[in-house]
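The values are calculated or read from the model by the stated rules, or taken from the named source; none is laboratory data. Computed from a predicted structure; not experimentally measured. Note: ideal-geometry Cβ built from the backbone for every residue, glycine included; neighbour counts use all protein chains shown. Heads up: the accessible areas ignore ligands, DNA and RNA and are worked out on the full protein's heavy atoms, side chains in. Shrake-Rupley method; radii C 1.70, N 1.55, O 1.52, S 1.80 Å.
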Amino acid sequence: MDELKKSTVAAESNVRLFTEQIRAQRLDAFENTFFSLLKLHNSTFERINEPQPAEDGRPAGSPLQRLMAQAHQQATLQDARAVLMADHSEIDHFISILQEMLKFIDQKYPEDVQTDRMFYANILKAIINQEAFEAVAMYAATDNPQSPYFAFRQLIEKYELLQELDLRAIQQPKLVADYLQFFPQLEKGVTL
């Protein structure tokens, strides 16, 4: 009987150890992919924020700053969004990578791991600047469920990606009002 109890305890211990190893392997595989995507995300983010000299009548500034300046000249958020989405440059690539990373966190994070998905979303938030947060908000400003950016909006709301966007820094009250229509959670501290 004692030998049977000992072998049962040993078997249970082996099962727990094996289960923990599998859990660790799943998390390791997730993190390897996540940090590879993060490296791509960071290099794209650096390119859209790389300062460029004034040329061809355009002011000095990064591609993101220049594009956001064009967007801010528009009367409505939808017009600004159209300017941003028509660009098809590195900014579009940055948004696509960010969207895929949020989908990856949401869908591929190992269910049996004790840490939180928000940890990985917070890593993404820590890298992004105000112009990029606003570009993210512009892309995600849609109520159309048929739009590919509707799912993006749901993900950025779920992972509180726009929590750091400071609407008080946006000088156009109409744009701020339009943002609040889509993202009422950003209202804190904003006066129109």
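General observations
- Exactly one residue among ASP87, ASP116, ASP106, ASP112 is over 30 Å from GLU20 (Cα atoms) and at pLDDT below 95, and that residue is ASP87.
- Condition met for PHE150 (in contact (Cβ under 8 Å) with a residue 40 or more places away in the chain, under 23 Å from LEU64 (Cα atoms), touching a Ser or Thr at 6+ places or on another chain (Cβ under 6 Å) and assigned to a helix (DSSP H, G or I)): no
- On the stretch given as region 53-78, residues that are of a type outside the set (Gly, Ala, Ser) and open to solvent by 70 Å² or more (accessible area, probe 1.4 Å) total 9.
- Among the residues making up region 65-104, those that are farther than 22 Å from LEU167 by Cα, hydrophobic (A, V, I, L, M, F, W, C) and touching a residue at least 40 places away in the same chain (Cβ under 8 Å) are ILE97, MET101, LEU102, PHE104.
- Flag if GLU50 is exposed (fewer than 13 other Cβ atoms within 10 Å of the Cβ), among the charged types (D, E, K, R) and either in a loop (DSSP other than H, G, I, E, B) or free of Cβ contacts under 8 Å to residues at least 24 places away in the same chain (or both): yes
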